[in-house]
1. Within the group A:242, A:271, which residue is surrounded by 16 or more Cβ atoms within 10 Å (Cβ to Cβ), over 16 Å from residue A:218 (Cβ atoms) and of a type in the set (A, V, I, L, M)?
2. Are any residues in segment B:208-243 facing another protein chain (nearest Cβ under 8 Å) and of a type in the set (Gly, Ala, Ser), and if so, which ones?
3. Report, by residue number, each residue of segment A:293-306 that is out of contact with any helix residue (DSSP H, G or I) (no Cβ under 7 Å at 6 or more places or on another chain), at the interface with another protein chain (Cβ under 10 Å from one of its Cβ atoms) and farther than 13 Å from residue A:283 by Cβ.
4. Assess whether residue A:161 counts as being closer than 26 Å to residue A:233 by Cβ, β-branched (Val, Ile, Thr) and more than 20 Å from the chain's Cα centre (by Cα).
5. Among the residues of segment B:176-186, is any surrounded by fewer than 21 Cβ atoms within 10 Å (Cβ to Cβ), acidic (Asp, Glu) and more than 30 Å from residue A:124 (Cα to Cα)?
6. From the set of residues in segment A:126-167 that are of a type in the set (A, V, I, L, M) and either closer than 22 Å to residue A:88 by Cβ or crowded, with 21+ Cβ neighbours inside 10 Å (or both), which is nearest to the other protein chains (Cβ to nearest Cβ)?
7. Out of the strands (runs of 3 or more DSSP E) lying entirely within segment A:19-96, which hold 3 or more residues that are more than 23 Å from residue B:173 (Cβ to Cβ), aromatic (Phe, Trp, Tyr) and in contact with a Leu (Cβ under 8 Å, 6 or more places away or on another chain)?
Amino acid sequence: MSFFGSSNTSSFSFGGGTAATTTNHNPMKDIEVTSPPDDSISCLAFSPPTLPGNFLLAGSWANDIRCWQIEDNGQTVPKAQQMHQGPVLDVAWNDDGKKVFTASADKTAKMWDLESNQSVQIAQHDAPVKTCHWIKGSNYSCLMTGSWDKTVKFWDTRSPTPLKVMNMTERVYCADVKYPMAMVSCADKKLVCLKLESEPQEYQKFESPLKYQHRCISIFKDKSNTNPVGFALGSIEGRVAIHYIQPSTPRDNFTFKCHRSTTTSNQPQDIYAVNAISFHPAYGTLSTVGSDGRWSFWDKDARTKLKGSEQLDQSISACAISHNGNIFAYASSYDWSKGHEHYKAQQKNYIFLRSCAEEMKPRNKK
Amino acid sequence: MVVCKFFLQGKCKFGDRCYNEHTQPNPRQQGGRGRGRYDHQSQKRQDFSRDSPFKQDFIQPSRFQSQSHNRQQGDFSSPFSRGSGKQQTFQNQDKFHWNKNNANRFSAFQEQRNDIQSMDNASHEQQIISTIQEDMKAWLQERMWPFSCYSYAKETKCLEGLPDIQPEELRTIFYLHGMESYQGIIQEVKAMYSMRKQELASMNDAVKSAILGNLNSSVEDNPSSCLTILKMYGPGVGFKAVAEIGRKSPAGTTSDAPLSNPTFPPSQFTDTQKLSVPSFGTSNLVSLPETVPSTPPASISTSTAAVKPSLFKSDGVAKEQSSVAVTSDSTYTDKTQLSEAEIEQFEAASFILGKIPMRPPPIEYCR
């Protein structure tokens, strides 16, 4: 009784991940989401606080976006699905939780109205749309889409022409928005900070704190959790940079290594990309997931690692944390980090849920 | 001398007249370790690591300082790295009260500092070069994503010749165009990157001066400008609506390949378009005149797909070495078909590494 029509796998919930066949697909014994997508998961997003309960969205390379309701007892109920013409690369909720935005490699972004279960195209680019984020400003609201056609466009959902087009020097690789700040990172390690108060404007260009390609970016807020003050930037080099927009001392900004294999003196290290970073909404601690198939929790203020996972048998391609900070979701699927040779179309993809409220709490309060 | 405690708070009203010493606390505390300006370890963090049960989990300090700042030991390394450094503006921050000229009021140290500084510029360049070489050697061992841009340190320009390609871009190309085209592109991309990395790892004089010249110039870095990857997924190329069932394998979209044929440009490897490209029977994606493929196999690249779409602009000399695909149907190339750069190489006394022509010389040179 598969809820998602196209899937040819039946949906039975594993509950505690007790499958006897594959040993490593769930070493942390986390809850498996039922009816996961058939191809690699590119993005995960939890519903905003305005929506009662927890809903999880996942976009995948099978051209679909699936939505589950996550109940308090850990049960995951598949709710709905939409399709694109090409792989879905990013997904975002709007502020009231009634609409979902999806960005796809078919060069469009669509708006999915959950109540009517209809989706309409609202954005168009000349190349695959890599990122989409909803901006809720004080006097305007719009969708920000970043694409490999080197532009960032802002769309009012009611109009086919964009409100604003910003040209970037290179293809947009990742972006994040936390009003009133937005960060866009492009190829060749270009970093741009935008301010969004009355209209989106470029605020500052940053020199990259990293040596290699940028992979993911996430904005964090200050200790009182009101204003965005900086961002965490992950690279393909197993390194994350924490960068404040206006540091009080230069030593506030630092980088740390993660997602690398353990070193021995004569063997070179395996270095894995950091695929996604998510910040806990309340604690300010962050989670990273990498191509090595591990996830980790970090405390950036104490500069320590809070928890690391065992290694999964696949890379972890996406992660998300629920709005109340209780659930950490991560997707185990191939991220193309080793090219097409390691791509197995039949390999199952998983989304796992973990209760993270305790593990992500900072320790040793000084 | 006693360090002025008001200066440390930023509140000393005597300033230069102060009887106590106005020096930065940091170089003193770190004395002997000689860390460069990229060090972000604080005393606080060190203490924490001793107490913390997660001793080996604490965030390791950035690797950059050991590689690029193995400078003269002692207290002076810190102030110099700020002084001779590049873009960072932190040294101007008031909070530090640190000013290169006032850091030391003792003239005895003045001359020593100048010597070290001039030595520093030359050795600084040497540091850069050796950092690049080490990084390239490690990178060539293929334990990391290979298709990325690179700079030798943070907040510095990217090096030329190493564009940026994301895994998702390659995956999109694979899903759009299917295995054959994709493999050809990957071969080309891999060859180009490894050639450039080897060049940088070996670092002969020409490469060295090119790198240093480029780093010192104020031209914006744009290593990806040589990519024409937009053609692969940009305007004119798209996914068709496919049936939901059986969509599992992306190879299923190869049936769409004929649709994307017209958008594939003919091979952009060589300058001379009048070359005829042998088609090996299997490739039906490019409609170019066939020639008899009777050439000795050694002179032809193994991948047929390499003949087709290219991700890189043909760029005259620099890209000449990536022209692995084309050849003529005799052992010697016709002189009229060679580009200028290739002719230059054949006529030179010896080949320049990195510019060796991929095609056999014309018979005229062999006599």
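1. Working: A:242 fails: over 16 Å from residue A:218 (Cβ atoms).
Answer to the selection: A:271.
2. Passing the criteria: B:224, B:234, B:238, B:241.
3. A:296
4. Working: closer than 26 Å to residue A:233 by Cβ: no; β-branched (Val, Ile, Thr): yes; more than 20 Å from the chain's Cα centre (by Cα): yes.
No: the conditions fail for residue A:161.
5. Within segment B:176-186, not a single residue is surrounded by fewer than 21 Cβ atoms within 10 Å (Cβ to Cβ), acidic (Asp, Glu) and more than 30 Å from residue A:124 (Cα to Cα).
6. The first filter runs over segment A:126-167 and keeps only residues of a type in the set (A, V, I, L, M), leaving A:127, A:129, A:135, A:143-144, A:152, A:163, A:165-166.
Still in the running and either closer than 22 Å to residue A:88 by Cβ or crowded, with 21+ Cβ neighbours inside 10 Å (or both): A:127, A:129, A:135, A:143-144, A:152.
Values: A:127: 5, A:129: 11, A:135: 23, A:143: 20, A:144: 19, A:152: 16 Å.
By that ranking, first place goes to A:127.
7. In segment A:19-96, there are no strands (runs of 3 or more DSSP E) which contain 3 or more residues that are more than 23 Å from residue B:173 (Cβ to Cβ), aromatic (Phe, Trp, Tyr) and in contact with a Leu (Cβ under 8 Å, 6 or more places away or on another chain).
Rundown of residues vs (1) surrounded by fewer than 21 Cβ atoms within 10 Å (Cβ to Cβ); (2) of a type in the set (S, T, N, Q); (3) assigned to a loop (DSSP other than H, G, I, E, B), yes/no style:
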site	(1), (2), (3)
A:314	no, yes, yes
A:319	no, no, no
A:323	yes, no, yes
A:341	yes, no, no
A:347	yes, yes, yes
A:351	no, no, no
A:358	yes, no, yes
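Bear in mind that the values in this text are calculations on the coordinates, not laboratory data. Treat the numbers as computed from the prediction; the structure is a model and nothing was measured. Reconstructed Cβ throughout: ideal geometry from the backbone, glycine too, with neighbour counts over all protein chains shown.
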